[in-house]
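Peer 1: Please see the structure below; I have some questions.
Only the coordinates and a few stated rules stand behind these numbers; no lab work does. Everything numeric in this text was worked out from a predicted model, so none of it was measured. Heads up, the Cβs are rebuilt from the backbone with ideal geometry, glycines too, and the neighbour counts pull from every protein chain shown.
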Amino acid sequence: MSTIIYGVCGEGSGHSSRAREMARHLVKLGHVVKIVSYDRGLANLKDEFDVFETEGLHIASADNKVSKVKTFTHNLKKLGSGHRAVTALKENLFKTFKPNCVITDFEPMTAYLAGHYEIPLISLDNQHRLRYIKFPCPEHLKNDFRLTKNIIRGMVPKPDVSLVTTFYYDKILNNRTFAFPPILRQEVIDENPSDGSHILVYLSFGFDSFLKIIEKFKRETFRVYGYNKHETHGALTYKPFSKEGFLRDMATSKAVMATLTSSVE
C-alpha cells in the first residue's frame with residue numbers, strides 16, 4: 001500500500017474526469033489517495049474523494065487564442081494567495097501525510113513540492129505529448145510550439161515518469177515516457193450512442209468570435225457547454241454544466257467541436 005498525493009488541474013472538467021477514474025482504481029488497489037485541486041476539479045471530485053483545496057493557475061483566452069498578457073496578469077494577481085497555498089500544502093498535507101509518491105495531472109504546486117521533498121513524481125496528462133513525443137510542426141507555428149513546451153515545463157518541471165494520453169503516436173523522446181489512449185469514464189463507456197441532428201460544442205470563455213462564426217450556419221443546431229448559462233441565440237443553445245446532460249448530448253450528437261488551442265496571442 002502506498003500513500004499518494006494526486007494534484008489535479010481545475011481548469012475545465014477533462015483533468016478531473018481522468019483523475020476520477022485513476023483515483024478510483026488506486027483506492028480499489030488499497031492505496032491511500034489525497035487529491036489536491038481547485039475550481040471545477042474541486043467541485044467534481046469533493047463528493048467522492050478527500051480533496052485538499054488549493055490555489056490554481058489559469059490560462060486566459062482571447063479571440064480563440066491563449067492570451068499571454070491576460071494569462072500573465074491574471075496569475076500575477078494571485079501570487080500572494082499562491083504563496084499561502086504552497087505553505088498550506090507543505091504544513092497541512094506533505095509534512096503530515098508523508099506521501100510515497102506524487103501524481104500530477106498538470107497541477108504545478110504538487111509537482112514543485114514533490115521536487116522540493118525529493119518524492120517520486122508521475123505526470124499523467126495529455127499535455128506532455130507536446131514535450132516528449134516527436135511530431136511534425138509547421139514552420140510558422142514553431143515559435144508557438146517552443147513557447148507551449150516551455151509553459152508545460154514550467155507547470156511540471158521534471159517528472160520521473162510521464163504517462164501520456166494521446167491519439168497521435170510517434171517516436172518517444174526519452175525512456176521514462178509511456179503513451180496510451182485516452183482514459184474514458186465508465187459513464188462514457190456505458191452510454192448508448194445514436195445519430196442525432198445536433199452538434200455538441202465544448203468551449204471555455206474567450207471563444208466568442210468562434211461562436212459568432214458557427215452561428216451563421218442556420219441549417220445546423222449547436223448545443224454549447226462551457227459558458228454555464230441556459231439560453232438560446234439562433235442556432236446556438238447554451239446549456240449549464242451537467243455531467244449527465246453533457247454525456248447524453250455527446251452520445252446523441254452527429255459531431256463534436258471542442259477547444260484546441262493551436263496558436264498563442
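Peer 1: Provide the gained length on full extension for the span Ser242 to Tyr117, in nm with one decimal, where the gain is 0.36 nm per separating residue minus the Cα-Cα distance.
Peer 2: Details: separation 125, 0.36 × 125 = 45.00 nm, distance 3.84 nm.
Roughly 41.2 nm would be gained on extension.
Peer 1: Using helices alone, I'd like the mean residue ellipticity at 222 nm for the chain: each DSSP H run of four-plus residues gives -39500 (n - 2.57), total over residue count, nearest 500. Intermediate results must be reported in sequence, preceding the final value.
Peer 2: Values: 10 runs with 90 residues, N = 265.
The helix contribution divided over the chain gives -9500 deg cm²/dmol.
Peer 1: Return one number: the angle in degrees, 0 to 90 and rounded to the nearest 10, between the long axis of the Cα atoms of helix 142-155 and the longest principal axis of the Cα atoms of the chain.
Peer 2: Taking Cα atoms only, the helix is inclined about 50 degrees.
Peer 1: Round to the nearest 10 and give me the degree value, 0 to 90, for the angle of helix 79-89's Cα axis relative to the longest principal axis of the chain.
Peer 2: The two axes meet at around 50 degrees.
Peer 1: Quote to one decimal, in nm, the extra length available between Thr166 and His230 on full extension: 0.36 nm per residue of separation minus the C-alpha distance between them. All intermediate terms of the calculation are to be shown ahead of the outcome.
Peer 2: On the way: separation 64, 0.36 × 64 = 23.04 nm, distance 3.24 nm.
Contour length minus Cα-Cα distance gives 19.8 nm.
Peer 1: So, R0 is 41 Å and r is the distance between the beta-carbons of Glu48 and Leu147; what FRET efficiency does that work out to, to 0.05?
Peer 2: Working: r = 36 Å, r/R0 = 0.88.
Efficiency for this residue pair is about 0.70.
Peer 1: Could you work out, for the range 98-169, what percent of all Cα-Cα pairs fall into each 10 Å distance bin, beginning at 0 Å and stopping at the bin that holds the largest distance?
Peer 2: 20, 47, 25, 7, 1
Peer 1: To the nearest 20 debye, what is the magnitude of the charge dipole of the range 3-183 about its Cα centre, counting +1 on the Cβ of each Lys and Arg and -1 on the Cβ of each Asp and Glu?
Peer 2: Working: 26 positive and 18 negative charges, 90 e Å.
Dipole magnitude for the range 3-183 comes out near 440 debye.
Peer 1: Tell me the Kirkwood hydrodynamic radius of the range 187-258 in angstroms, computed as one over the mean inverse distance between distinct C-alpha pairs. Let's see the in-between values first.
Peer 2: On the way: mean 1/r = 0.0805 Å⁻¹.
With all distinct Cα pairs of the range 187-258 included, I get 12.4 Å.
Peer 1: Further, regarding this structure: Do any trypsin sites (Lys or Arg not before Pro) in the range 137-187 lie in a loop, going by DSSP, with at most 15 other beta-carbon atoms within 10 Å of their beta carbon, and if so which?
Peer 2: Those that pass, being in a loop and sparsely packed, are Lys171, Arg176, Arg185.
Peer 1: For Lys158 and Ala258, calculate 0.36 nm times their separation in residues minus their Cα-Cα distance, and state this gained length in nm to one decimal.
Peer 2: Details: separation 100, 0.36 × 100 = 36.00 nm, distance 2.91 nm.
Full-extension gain reported as 33.1 nm.
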